[in-house]
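Chemist: Here it is: the structure, laid out below.
The values are calculated or read from the model by the stated rules, or taken from the named source; none is laboratory data. None of these values were measured; they are calculated from a predicted model. Note that we place each Cβ from the backbone using ideal geometry, even for glycine, and neighbour counts take in every protein chain shown. Calculation scope for accessible area: heavy atoms of the full protein, side chains included, ligands and nucleic acids excluded. Shrake-Rupley method; radii C 1.70, N 1.55, O 1.52, S 1.80 Å.
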Amino acid sequence: MGRTGGRLVRALISHDKENKPPGPIHLAFTVAPVLILVCIYYDWWPSRYGSSRWADPLLFGAAALLILAVVGVVWAVRTLYVIGADRRWSWWIVPAPAVVLATAAAVMLAPRPSFDDTRAEFEQVARELLADPEPLHSYLEIGRFDIRTAMSGDDGVVYFIEDGGLGLTVSSGWAYSPHGVPPGFDDFTATHLGGPWYEFVSVWRT
């Protein structure tokens, strides 16, 4: 390598200049995507059916996860350099993982409302739709759930198809069927939830 190469290597690994730990900017880039994900999870995000439909929760959620992954890598690299190379400690190493872990614990302890928690609202809407001569309704918000389509029929069944479902050929949601198992549509599978309610998955096959 020679003397010049040796001097270059020594300069690169020199500890005269300490490595920077994760700082306030890194913490801000951690908190922001965490807040976005929490808002989307608890349905505190703007409605996809209103004037803020540009703020698509799937798009913003994916971007937040990507940013969180990048800042996670940055945190790991900087922490390794500070602790491993510089042999020192900085309290700036703590806040970012603390925010992520505290948020994860809070979400586990306070889960978002389920369908059972919103069942009374769904039942009220189902009865209103059965009394409405129009059998098809689109873009409803019931609790935290975005309903792409609600269909009522002469058999007294109302189907609520959730937006952002399982795919282009798969529909999922809930059926209000006071008289028993709903007949469904396409390749239909229903699970009884109690009372007049069923959770369903329908697969369209050619």
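Chemist: Do you know which residues across the stretch 179-194 are closer than 21 Å to D154 by Cβ and open to solvent by 30 Å² or more (accessible area, probe 1.4 Å)?
Modeler: H179, V181, P183, F185, D186, F188, A190
Chemist: List pairs: first in the stretch 104-133 and farther than 19 Å from H192 by Cα and free of Cβ contacts under 8 Å to residues at least 24 places away in the same chain, second in a loop (DSSP other than H, G, I, E, B) and not small (G, A, S), Cβ under 9 Å, 6+ apart or cross-chain?
Modeler: A110/Y42
Chemist: Could you tell me whether the stretch 49-62 includes any residue that is in contact with a helix residue (DSSP H, G or I) (Cβ under 8 Å, 6 or more places away or on another chain) and in a loop (DSSP other than H, G, I, E, B)?
Modeler: Scanning the stretch 49-62, I find no residue that is in contact with a helix residue (DSSP H, G or I) (Cβ under 8 Å, 6 or more places away or on another chain) and in a loop (DSSP other than H, G, I, E, B), so the answer is no.
Chemist: Among the residues of the stretch 109-123, is there at least one that is open to solvent by 30 Å² or more (accessible area, probe 1.4 Å), part of a helix (DSSP H, G or I), among the polar types (S, T, N, Q) and over 18 Å from P182 (Cα atoms)?
Modeler: Looking for residues that are open to solvent by 30 Å² or more (accessible area, probe 1.4 Å), part of a helix (DSSP H, G or I), among the polar types (S, T, N, Q) and over 18 Å from P182 (Cα atoms), one finds none in the stretch 109-123, hence no.
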